[in-house]
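Q: The following block contains the structure, expressed as structure tokens.
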Amino acid sequence: MSPRRLSSAIVPTPGLRRTATGSVLILIAVAAGCGGSSHSGSTTESVPAYVTAPFTHEQRLVEQGATLVVADGCSVCHLAPKRSALGPSFSSLAGHRVTLRDGQRVLVDERFLERALSHPGELSIRGYPQEPMIEAIERAHLPQHPDQVRALAAFIEQIGPEA
């Protein structure tokens with residue numbers, strides 16, 4: 001199964017660099033009326049359908065995952081500058097092959113992410129300490145919350161490199 005790509009479904013804005021929180025924040029800002037017209041009357045005529053349409057299930061998962069990344073502290077280790085990161089950067093994880101501690105090379109896809117988040121320690125990536133990840137997953141009780149695991153996996157895939 002290949003990683004999901006949702007960037008065109010969120011806010012297809014030519015010329016803007018897509019980032020994880022950027023896509024969600026742009027959509028929220030536009031939907032909330034930031035930068036909108038100041039004239040009175042109906043604005044639905046000038047607002048593109050992708051802004052007024054309800055979020056898809058995938059978009060809601062990505063948004064929930066983004067919230068969890070910040071609330072659970074994942075961003076400290078996985079969105080930090082490379083020189084200070086305790087874990088692999090989410091921006092270059094999904095869609096790449098990584099080497100596990102046992103030497104096995106695997107593709108980071110949805111299945112890998114969900115398994116790694118549900119069973120910490122089974123799929124430890126070589127070069128990173130596994131204890132902080134195991135502690136963080138246990139502290140967040142992720143194995144008992146498969147919906148949160150799916151949301152985090154969707155977010156990580158969304159901000160990963162394009163296929």
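The values are calculated or read from the model by the stated rules, or taken from the named source; none is laboratory data. Just so it is clear, the model here is predicted, and its values are computed rather than measured. Cβ coordinates were reconstructed from backbone atoms using ideal geometry, including for glycine residues, and neighbour counts include every protein chain displayed.
Q: Taking region 122-137 only, how many residues are without any contact (Cβ under 8 Å) to a residue 40 or more places away in the chain and under 20 Å from the mean Cα position of the chain (by Cα)?
A: 5
Q: Follow-up question, since we're still on this one. State the number of residues belonging to region 90-149 that are at pLDDT below 90 and among the basic types (Lys, Arg).
A: Summing the residues that are at pLDDT below 90 and among the basic types (Lys, Arg) in region 90-149 gives 0.
Q: A further question follows. Starting from region 96-107, keep only residues that are outside any strand (DSSP E or B), then list their pairs with residues that are of a type in the set (S, T, N, Q) whose Cβ atoms are within a distance under 7 Å, requiring at least 6 positions of separation or different chains.
A: Pairs found: Arg101/Ser124.
Q: Also, I was wondering about something else. Within region 127-163, take every residue that is among the hydrophobic types (A, V, I, L, M, F, W, C) and in contact with a Lys or Arg (Cβ under 8 Å, 6 or more places away or on another chain) and give me the one that is surrounded by the most Cβ atoms within 10 Å (Cβ to Cβ).
A: So the residue we want is Ala154.
Q: Further, regarding this structure: Are any residues in region 107-126 exposed (fewer than 14 other Cβ atoms within 10 Å of the Cβ) and in contact with a Lys or Arg (Cβ under 9 Å, 6 or more places away or on another chain), and if so, which ones?
A: Answer for region 107-126, where residues must be exposed (fewer than 14 other Cβ atoms within 10 Å of the Cβ) and in contact with a Lys or Arg (Cβ under 9 Å, 6 or more places away or on another chain): Glu122, Arg126.
Q: Do the conditions hold for Val76, that is, is it touching a residue at least 12 places away in the same chain (Cβ under 8 Å) and either under 20 Å from the mean Cα position of the chain (by Cα) or not in a helix (DSSP H, G or I) (or both)?
A: The answer is no for Val76.
Q: Which ones in region 136-154 are within 21 Å of Glu58 (Cα to Cα) and part of a loop (DSSP other than H, G, I, E, B)?
A: His145
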